[in-house]
Amino acid sequence: MALPAETTHQFEGKNHADLYLEGRPEWPQEIIQRVMQYLLLKKLPPQTLALDVGCGSGQNTIPLAPHFERVVGVDVSKAQTEAGRRRTDKPTNVEFQVGSAEDLLFADDNSVDLVTCATSFHWFDKEAFFKQADRVLKPSGCIAIYWYNKIHPCVEGDVGKNEKIRQTVIEMDSVTLRPYTTDCVKSLEGKTDETRIPYEDNIRDDTIELLVDSTMALYVKYVRSWSEYQHYTRQIPGGQDLAKDLQDKLMDIMGLDGSPEGANIKLKLPVTLLLGRKPNP
């Protein structure tokens, strides 16, 4: 059974899609390379088609482009796919389509080399998605699912500051915004989702931590793009600017002066990675 629209359709408005595009980080090549290494173990080139399901505005779709002849980003949100199409960095072999993870009708049987879901899998009807992914994948094709468990700033080498930063972000996410958080998002917390891809050849890795460069201003846009933050602003219009409060606390903890736009920071991305390969009979 598909999840109700009020659960899965979280990123519909143009303003939210634009904020998502500005605030969500691109998926690092470290993850893309890990996925490609797994795919190429048993799936020789050429790699003709990748589907990025729940693509948003292309944060994972575009990094896949160098590795495939064609990459299609699929999302239930028309606003998100339109934001992806407007991107000035969109390669010519990337396209975006409106569609659901549970009904990949535009893709033929045994036609896809790789199906990816990057920080979107928690919104899906898992059984229906896996059935569709298995249908469209070529033999030896792969499913790759990955998500980050709440990104937060960090100061390299300063354990004390990093603990204060972590607790500050947790307080906002798990206390202040808890009444506005869906069960789908809660399932990602603390790695409580123990899903594995239902192929015999599969891997799950919960140990990955990446560091990426950013600014405080971009991090705050990322926070504003959270579905729970959007729920808060819709339910309490004109309410307290929680993202600005978080920014001020983090700037103080990290000893940053000046504008958030000029405050260069490191972000820690704790990543869970699932890989699975369709059998080749």
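The values are calculated or read from the model by the stated rules, or taken from the named source; none is laboratory data. Remember, predicted model here, so these are calculated numbers, not experimental data. Here Cβ is always computed from backbone atoms with ideal geometry, including for glycine, and neighbour counts include all displayed protein chains. For the accessible areas, the whole protein counts, side chains as well, though only heavy atoms, and no ligand, DNA or RNA atoms are used. Shrake-Rupley method; radii C 1.70, N 1.55, O 1.52, S 1.80 Å.
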**Prompt:** Out of all the residues in the stretch 138-156, is one or more more than 22 Å from the chain's Cα centre (by Cα), of a type outside the set (Gly, Ala, Ser) and farther than 23 Å from Val271 by Cβ?
**Reply:** yes
**Request:** Pick out the one residue from Pro237, Pro198 that is within 19 Å of Trp123 (Cβ to Cβ), assigned to a loop (DSSP other than H, G, I, E, B) and open to solvent by 70 Å² or more (accessible area, probe 1.4 Å).
**Result:** Pro198
**Asked** In the stretch 77-104, which residues are open to solvent by 50 Å² or more (accessible area, probe 1.4 Å) and of a type in the set (A, V, I, L, M, F, W, C)?
**Response** Val98
**Request:** Just one of (1) open to solvent by less than 10 Å² (accessible area, probe 1.4 Å); (2) modelled with pLDDT of 95 or more; (3) of a type in the set (A, V, I, L, M, F, W, C); (4) closer than 28 Å to Leu211 by Cα trips up Leu40, so point out which.
**Result:** (1)
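Residues are listed down the side, and each one gets a yes or a no for (1) modelled with pLDDT under 80; (2) closer than 15 Å to Leu269 by Cβ; (3) among the hydrophobic types (A, V, I, L, M, F, W, C):
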| site | (1), (2), (3) |
| --- | --- |
| Glu189 | yes, no, no |
| Thr207 | no, yes, no |
| Tyr219 | no, yes, no |
| Val223 | no, yes, yes |
| Glu228 | no, no, no |
**Prompt:** Would a scan of the stretch 11-34 turn up a residue that is within 25 Å of Glu127 (Cβ to Cβ), crowded, with 21+ Cβ neighbours inside 10 Å and at pLDDT below 90?
**Reply:** yes
